[in-house]
Amino acid sequence: MYLIFFKSKSQKSWLILLISTTPFISAQITGKIIDSDDSFPLEYATAALYSQSPKNLITGVITNKNGVFTFDKIKKGTYSLEISFIGYQPKEIENIVFSDVKKDIGTIKLSLGNSLNEILITSEKATVISKIDKQIFDATKFKNSAGGSATDVLRNLPSVSVNGTGEISVRGATGFVVLLNGKPVQGNAATILSQIPANAIDKVEVITAPSAKYDPEGKAGIINIFTKKGAIDGAFTQVNIRSGFPSIEDYDNSESAKRYGIDATYNYRKDKWNFSFGASYQRNDLAGRREGGVFTIINDVKTSFPSDGERSFDEENVSGRFTVDFTPDEKNEFTIGFFAGKRSKDRRADILYFDNNAVQPANSNNRLYMLQYYNENLRIRTSDFALGSFNYAHKFADNSKLSTTFLYEYTLLGGPTTNRNLGYPDTSKILQDEYNTNDNPLYGTLFQLDYEFSNFTFGKLETGYQYRFLNHQGDFLYTRRNNTTGIFETVPEFTSEIDLKRTLHSGYVNLSGKKEKWEYAAGIRLEKMDRELSLQAENDPNKKTLEYDYLQLYPSATLQYSLENDTKIKAAYSRRVERTTTFKMNPFREREHSETFEQGDANLLPEFVDLVELGISKKFKRGNSVYATAYFRNVKNLVNRVNEVYNDTILDRIYTNVGQGKTLGLEVGAQLKSTKNWSNFIGLNVFNFDINGNYKGDRISNNATQYSINLNSTYNFWKTATLQFTLNYLSEMVTAQGEDSRFYSPNLTLQKTFLDNRLSATLQWQNIDLGWLKTNEQRITTYKTGSFYTTTNYVYEVDMVTLNLTYNFNSTKNKSKFINSEFGAKEF
């Protein structure tokens, strides 16, 4: 082994490598295949290389998503090339003289085949494609998500589940990272995904065992969302309008649910320039109720307070984006992006704590007294944000590539909670009136530098550096109305300031390649984190500063082998981290609703994750396929929400490290085309989850086998009409102190296109219930023997009918590319 300073042939790029003396350069022929009509890259086209004389097949490859093909290890000589793709006229190129290290044939255009009146040949894209490091899902197959968001697309994926509170999990874990068009977007998954229109999504990659080139954030892996793109000069305009029909069920809410929205995209491409503009307004309310039962025990006195009332959400999002791409030549590309908007989510919980509330000895039914009151609770979460980014990519003559990303974000998070306990039935009597609010300005900076070099005999080498800086400042004001004076007075024990600064430096090296039937990838990432948390209570003149840092290695490795009968087997290992958010580190109480305070842990440790996978995938005839992946995930410093008693009618909800979590599971997915017009996609995830730890000396231990099922069945009536049924089912789930009940949602979607596919109408029947299925309903239960018991059944709106209309003003394919939140969304 030697330390080698290597300079590219172009004399413009350097590498410092520790490698053996194996020859570096691989002789290479490359080219690109596009559609002759619209210049769109043709992915999966076939390129076959033959010797010129005699004509013998040398090798064959397929194109990547950019339409590019590459032949490696080619000897000097004269060759011919045959290009083919389903539905297109094949093309042959002769007399290709190869005498150098690399030869670029350039762009090859294929034309659609001649149309015949008697015969029509069609092909259908696969719903899922298995790769060495990921599963790729065609988002356009999920008609039930039309007019919705990326969350509605993800509901269909085998490894993804969404519970009754809207929390998204991958293989039973809530911690995962979202990438948008391959760019890192760090934030709360549910918030980010709700901002991405489903109509704009082309495909979704689920990367459960990411390589070292990716940021290690996310214990469940990465979800990479790709928006639809085009490639020709001209303009593209698309408008989507969504309107919801009035609610069918009556939940006795104070206001009727409203569901409507409009979003528009304009993309103009001319020569070296590409301009993308987008604007969106969405109103997406959800009606519902909650039925609760709680008791606490303090000093052998038991207080019971069953309840019933409204639990509804009003959600409003408005945003605008633009992106400018400039490509002066084949070697360079510049991108500038801007994204700004406002979003708010109001949760109303107006609850009656009715007249069988009782205070009694813990071991007796003799009631000491009874109480009854009405609670009005409105929690408003707001976020005003603006962020900008700059990207630059350069391709060197030796085919190496340098890319850079810079992003700056400002987000103002906030929103008050109003909590009023009133007499009942005389609600004019105010028992307690509280108001707490906060202002949380957040400043985030990201810089990323990546270098890729592929001209090695052993594969492609990638290396890079990433810098992140987060500065999150929070002022929390908690006030309570003085019933004598009517003045709201500050409550010092709940009023505070909390500031978080986190700096991250990381670098990685990753090697990947293919040799005969083997594919491999291996790498390592080194990350240095420095965290500084400053705390000051209203009644404490001294500011407290807590520091935490680490230096961690994150190795990864994947190996895949292809068998003869379209079967692939693979094994993978990846180490990840789930970093802490400011919200979960705030140790000061914040009012959630009448019976709950919420607070975090200032000493919260990151979760460190080790993941091992063993998988197999197989393709059959007629587009059928199946895959299965067994996995084991071990989480150290597991973060969970636990409850403890604050007073006789209030529980503390606390986020803290509770120990270790282990998950052993099996994920299975199958694409089955039963008839010419009927296709099905089903995913099943079965896993055993084990929690083992302690909280304040109390042992926490829970173990259960649980599962989720996602079913998608589609029938094509004509070329322009499709009926699709989907079912999302989530079994009972265990938590640190209890369990969550099953949750499911059946949906039916009818889509019809008009005007040569320019106009698309989608009618959706969501959360089908018909009064007897108990759809969109989930019970959450937590308890501690001898201390408290709480169970709440959340009953949300069913039988929701929505109409979505999409119109494309021209036939040019969309190439809009937008940036998204990197920091603030995680705290929303």
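Listed values, structure above:
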| item | result |
| --- | --- |
| Boolean, residue 49 is in a strand (DSSP E or B), at pLDDT 80 or above, within 23 Å of residue 513 (Cα to Cα) and more than 40 Å from the chain's Cα centre (by Cα) | yes |
| Residue selected from the range 512-523 under the condition in a strand (DSSP E or B) and in contact with a Phe, Trp or Tyr (Cβ under 7 Å, 6 or more places away or on another chain), by the criterion surrounded by the most Cβ atoms within 10 Å (Cβ to Cβ) | 523 |
| Options 320, 341, 309, 292; residue that is in a strand (DSSP E or B), within 23 Å of residue 644 (Cβ to Cβ) and either without any contact (Cβ under 8 Å) to a residue 12 or more places away in the chain or touching a strand residue (DSSP E or B) at 6+ places or on another chain (Cβ under 6 Å) (or both) | 292 |
| Sole residue being at pLDDT below 90, assigned by TED's automatic domain parsing to the domain that holds residue 297 and touching a strand residue (DSSP E or B) at 6+ places or on another chain (Cβ under 6 Å), chosen from 766, 671 | 671 |
| Check on residue 634, within 22 Å of the chain's Cα centre (by Cα) and polar (S, T, N, Q) | yes |
| Among the candidates 519, 595, 590, residue that is in contact with a helix residue (DSSP H, G or I) (Cβ under 8 Å, 6 or more places away or on another chain), in the same structural domain as residue 608 (by TED's automatic domain parsing), touching a residue at least 40 places away in the same chain (Cβ under 8 Å) and of a type in the set (D, E, K, R) | 590 |
| Conditions (1) surrounded by 17 or more Cβ atoms within 10 Å (Cβ to Cβ); (2) under 26 Å from residue 383 (Cβ atoms); number of the one not met by residue 447 | (1) |
| Residue match in the range 535-542 (condition: under 18 Å from residue 494 (Cβ atoms) and of a type in the set (D, E, K, R)) | yes |
| Conditions (1) touching a Gly at 6+ places or on another chain (Cβ under 8 Å); (2) within 25 Å of residue 252 (Cβ to Cβ): number failed by residue 385 | (2) |
| Failed item, numbered, when residue 683 is tested on (1) at pLDDT 95 or above; (2) within 21 Å of the chain's Cα centre (by Cα) | (1) |
| Only listed residue being assigned to a loop (DSSP other than H, G, I, E, B) and either surrounded by fewer than 19 Cβ atoms within 10 Å (Cβ to Cβ) or at pLDDT below 95 (or both), chosen from 483, 471, 455 | 483 |
| Breaking point among (1) assigned by TED's automatic domain parsing to the domain that holds residue 607; (2) out of contact with any Pro (no Cβ under 6 Å at 6 or more places or on another chain); (3) polar (S, T, N, Q); (4) in a loop (DSSP other than H, G, I, E, B), for residue 539 | (2) |
| Subset of the range 212-239 that is touching a Gly at 6+ places or on another chain (Cβ under 7 Å) and surrounded by fewer than 24 Cβ atoms within 10 Å (Cβ to Cβ) - its residue that is modelled with the highest pLDDT | 213 |
| The range 237-265, residues that are of a type in the set (S, T, N, Q) and over 11 Å from residue 806 (Cβ atoms) | 237, 243, 247, 253, 254, 256 |
| Enumeration of residues in the range 506-547 that are of a type outside the set (A, V, I, L, M, F, W, C) and in contact with an Asp or Glu (Cβ under 7 Å, 6 or more places away or on another chain) | 506, 510, 530, 531, 532, 534, 536, 539, 545, 547 |
| Search result, residues across the range 387-426 that are over 30 Å from residue 374 (Cα atoms), charged (D, E, K, R) and outside any strand (DSSP E or B) | 398 |
| Residue in the range 185-200 that is assigned to a loop (DSSP other than H, G, I, E, B), within 26 Å of residue 288 (Cβ to Cβ), at pLDDT below 75 and more than 13 Å from the chain's Cα centre (by Cα) present | no |
| Residue 595 of a type in the set (Asp, Glu) and under 20 Å from the mean Cα position of the chain (by Cα) | no |
| In the range 486-497, residue nearest to residue 382 (Cα to Cα) [restricted to those that are among the polar types (S, T, N, Q) and assigned to a strand (DSSP E or B)] | 496 |
| Looking only at the range 533-545, and only at residues there that are surrounded by fewer than 15 Cβ atoms within 10 Å (Cβ to Cβ) and not polar (S, T, N, Q), the one that is modelled with the highest pLDDT | 544 |
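Yes or no, residue by residue, for (1) surrounded by 16 or more Cβ atoms within 10 Å (Cβ to Cβ); (2) among the small types (Gly, Ala, Ser); (3) under 30 Å from residue 341 (Cβ atoms):
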position: 366; (1), (2), (3): no, no, no
position: 373; (1), (2), (3): yes, no, no
position: 377; (1), (2), (3): yes, no, yes
position: 380; (1), (2), (3): yes, no, yes
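The values are calculated or read from the model by the stated rules, or taken from the named source; none is laboratory data. The structure displayed is predicted, hence computed values, not measured ones. For neighbour counting, all protein chains shown are included, and Cβ atoms are generated from backbone atoms with ideal geometry for every residue, glycine included.
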